1. If you check Ser42, Ser54, Ser27, which single one turns out to be touching a residue at least 40 places away in the same chain (Cβ under 8 Å) and touching a Phe, Trp or Tyr at 6+ places or on another chain (Cβ under 7 Å)?
2. Which strands (runs of 3 or more DSSP E) does the range 201-306 wholly contain that include 3 or more residues that are surrounded by fewer than 15 Cβ atoms within 10 Å (Cβ to Cβ)?
3. Check the range 28-45 and report whether any residue there is of a type in the set (Val, Ile, Thr), buried (at least 19 other Cβ atoms within 10 Å of the Cβ) and at pLDDT below 95.
4. Does Leu23 fit the bill of being modelled with pLDDT of 95 or more and within 20 Å of the chain's Cα centre (by Cα)?
5. When only residues in the range 139-154 that are out of contact with any helix residue (DSSP H, G or I) (no Cβ under 7 Å at 6 or more places or on another chain) and without any contact (Cβ under 8 Å) to a residue 40 or more places away in the chain count, which is nearest to Ile100 (Cα to Cα)?
6. Tell me yes or no: at least one residue of the range 85-102 is within 18 Å of Met204 (Cα to Cα), at pLDDT below 95, under 23 Å from the mean Cα position of the chain (by Cα) and not in a helix (DSSP H, G or I).
Amino acid sequence: MVNLEAKISIQGISKRFEKEYVLNSVSMEVLPGEFRVILGQSGTGKTTLLNIISGLISPDEGKIILDGKDITKVPTEKRNIAYIFQDLGLFSSLTVKDNIIYGLMVRKYKSEDIEKRLHEYASKFGLLNLLNKYPIELSGGQKQLVALARALIINPSIILMDEPLSSLDTFLRNNMRWYIKNLAKSMNLTVIYVTHDVDDCAIMADKVSVLSNGKIVEEGDKGEILNNPRKEETAKLLGYNIINFNNSRLFVHPSKIKIGGNIEARIINEERGIMFHYLLKTQFGEIYAIFDRKYNEKEGISIPGV
């Protein structure tokens, strides 16, 4: 049954390219103000799903319901959906000002309304002194802010984000995760954000949908998915060890394995970074473990659930 309170309802969406399914009967409901992360490896159909929601491509089967209205056949420019692409999609030939107001110009807003909104959003994102610059003159973080301002200035019903932080360095990416998360909450934004990065998911998501081979294999609250995956596809994506024990398959995160125990574990490979990383040979096969100190084979290990 469709949840009538859903901001957006994705119903049985399928898409084929050259007779191969990229998406196969994908369904999902996102509530108003929710930050939904779609987590999946490259090639699983994440971007295709966003393109269908935005109207850039049409599904072969299924419907998209936004604010209670079927928009499956509505043109992109009439969907009131903002889309922040992986490369941000800023126009290199336009100034920051013209990039920000582009959506308003397309929608033929009055000039006085455009100027009012421009000042509001340029102020909100600290861009007033950059309005006459071009994208090539901006830092990575500044480009992110321009993309956000351009997306939000049209007051969209929903915002789609396709791994927009992937080109940033680690420090800036960490900062932008919190910035986007806090911005979404403060403005009560409804966001669908696709990524293959577990850290994006851990910081920003309210709920997570795991996409694998064109299907949603698992979804739920962030903590539930990250800490207790139910499906093997999810466990593999999150870097869990898959262990056969007592005729069942256990999913064990490398950080949950502890030094000291009755399980013999021989070192295959050892690397020290911030933590100690080990590939270990055990009676259950090869296991990846992360410890906070150097491991001595004589100590053995313990594995939750074993």
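1. Step by step, each of Ser42, Ser54, Ser27 is checked, and only Ser54 is touching a residue at least 40 places away in the same chain (Cβ under 8 Å) and touching a Phe, Trp or Tyr at 6+ places or on another chain (Cβ under 7 Å).
2. Hits in the range 201-306: 241-245, 258-263, 266-272.
3. Yes: one or more hits.
4. yes
5. Residue satisfying both the conditions and the ranking: Leu145.
6. yes
The values are calculated or read from the model by the stated rules, or taken from the named source; none is laboratory data. On a predicted model such as this, the values are computed, not experimentally measured, just so you know. Positions of Cβ are generated from backbone atoms using ideal geometry, with glycine treated the same way; all protein chains shown enter the neighbour counts.
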